[in-house]
1. Pull up all non-local amide H partners of residue 109: gap of 5 or more, or a different chain, and H-to-H distance under 5 Å with H placed in the peptide plane.
2. Order these peptides, 1-11, 67-77, by their mean beta-carbon neighbour count within 10 angstrom, highest first.
3. Work out the P(r) tail for the stretch 52-118: percent of alpha carbon pairs separated by more than 15 Å, whole number.
4. Suppose R0 equals 41 Å; then what is the FRET efficiency for residue 14 and residue 73 from their Cβ-Cβ distance, rounded to the nearest 0.05?
Amino acid sequence: MISIQVIAALVAPRALTDAPHRFKLRLQLGQVDNKELNHLKIKGIYKWIRDPFLLSGLVIIWFTPFMTLNLLLIYVLITIYLVFGSFHWEKRLVEQFGTEYKEYQTEVNRILPRVPNK
């Protein structure tokens, strides 16, 4: 279980390098129509999954080698928070990229990876 957690933790840096524009928070918190962020560039891990950080976070918490009732409650609450947060994030991305992102949503799963058709 720990090795699965380590593998999931290694996904995060890869996701960061595949979408560095995703982390320009000052620009993203500003106006949605910012010229610097209006092109969707899909590469690397984002061809298989829309939110690799959500998946890696869920894998890391749910593959804990031991489980108590308190941890179970915390993990359920964290999962709910992360999933609802990802809905909000995707709503923001649809506002930012429009139909280009909506097409991407139909082609690539949000949480569970899938090999692209192209």
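1. 50, 114
2. 1-11, 67-77
3. 61 percent
4. 0.85
Here, each number is a calculation from the coordinates, and none is a lab measurement. Worth saying up front: this structure is predicted, and the values here are computed from it rather than measured. Methodologically, a virtual Cβ is constructed for each residue, glycine included, from the backbone with ideal geometry; neighbour enumeration extends over all protein chains shown.
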